[in-house]
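Note sheet for the following structure.
The values are calculated or read from the model by the stated rules, or taken from the named source; none is laboratory data. Here the structure is a predicted model, which means the values were calculated and not measured. Every residue, glycine as well, gets a Cβ built from its backbone with ideal geometry; the counts of neighbours run over all protein chains shown.
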Amino acid sequence: MSRLILFSGGVESTALLTKAKKDDIVMTIRDTSPEDYYTYHPNRVEEVAKAMNVKIQYTDIKIPIHREDFVYQLWTFIPISIMWASRFPSIQEVWYGLNNKEPSTLPVVQDSFDRCVKIWKVAFPNVTLKFPLRHLSKEQQWKMIPKHVQPLITTCLYNTFCGKCRKCLELKNLRSK
């Protein structure tokens, strides 16, 4: 049995790696669609993976037109995870990182999350979509990450390390504790 661990290099997905086993598949999506941006920092995810002694499997996607609006990250991970589970029957669980305040912080995100979970249950009733650390706060998950890995963690809504968005401010707060 293996698990598919969805990895972006942020706090929650890196905390999941502390629970990874050698036969788990750690997957990151490289979206090269026009005028789009990664939901992770390419160099940093490689550095985190190396420091955590895991290999990243990349799934490349390219949708040939510019997206119109914000897309909740799980909406991209769900169809890609369905393809992985279809091709690799050894996958019995799919892990996604959340903390105890997510996704209910924004109604539109909560609705998207609920729909993603329902879609998964219909598509793959025998493969469990899990959020194994959801009962923990972001700070508790941060403390699970080895000290030498913490400086490698990145999270920014714009993937520019802007220092101003809510994700950058959360990370800054965690690092100051």
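Assorted remarks:
- The one condition in (1) farther than 14 Å from residue 7 by Cα; (2) at pLDDT 90 or above; (3) assigned to a loop (DSSP other than H, G, I, E, B); (4) β-branched (Val, Ile, Thr) that residue 54 fails to fulfil: (1)
- Checking residue 174 against (1) touching a helix residue (DSSP H, G or I) at 6+ places or on another chain (Cβ under 8 Å); (2) without any contact (Cβ under 8 Å) to a residue 24 or more places away in the chain, the condition it does not meet: (2)
- Scanning region 1-27 for residues that are assigned to a strand (DSSP E or B), crowded, with 19+ Cβ neighbours inside 10 Å and not hydrophobic (A, V, I, L, M, F, W, C) yields one hit, 3.
- Scanning region 126-153 for residues that are within 18 Å of the chain's Cα centre (by Cα), assigned to a loop (DSSP other than H, G, I, E, B), of a type in the set (D, E, K, R) and farther than 29 Å from residue 87 by Cα yields nothing.
- So residue 93, is it over 14 Å from the mean Cα position of the chain (by Cα), within 21 Å of residue 3 (Cβ to Cβ) and not in a helix (DSSP H, G or I): yes
- Qualifying residue in region 68-75 (condition: under 24 Å from residue 23 (Cα atoms) and in a loop (DSSP other than H, G, I, E, B)): no
- Screening residue 102 with (1) modelled with pLDDT under 90; (2) outside any loop (DSSP other than H, G, I, E, B); (3) crowded, with 16+ Cβ neighbours inside 10 Å gives one miss only, at (2).
- Selected residue [surrounded by 13 or more Cβ atoms within 10 Å (Cβ to Cβ), more than 16 Å from the chain's Cα centre (by Cα) and over 29 Å from residue 53 (Cα atoms)] from 85, 123: 123
- The listed residue being among the aliphatic types (A, V, I, L, M) and more than 27 Å from residue 3 (Cα to Cα), out of 169, 152, 136: 169
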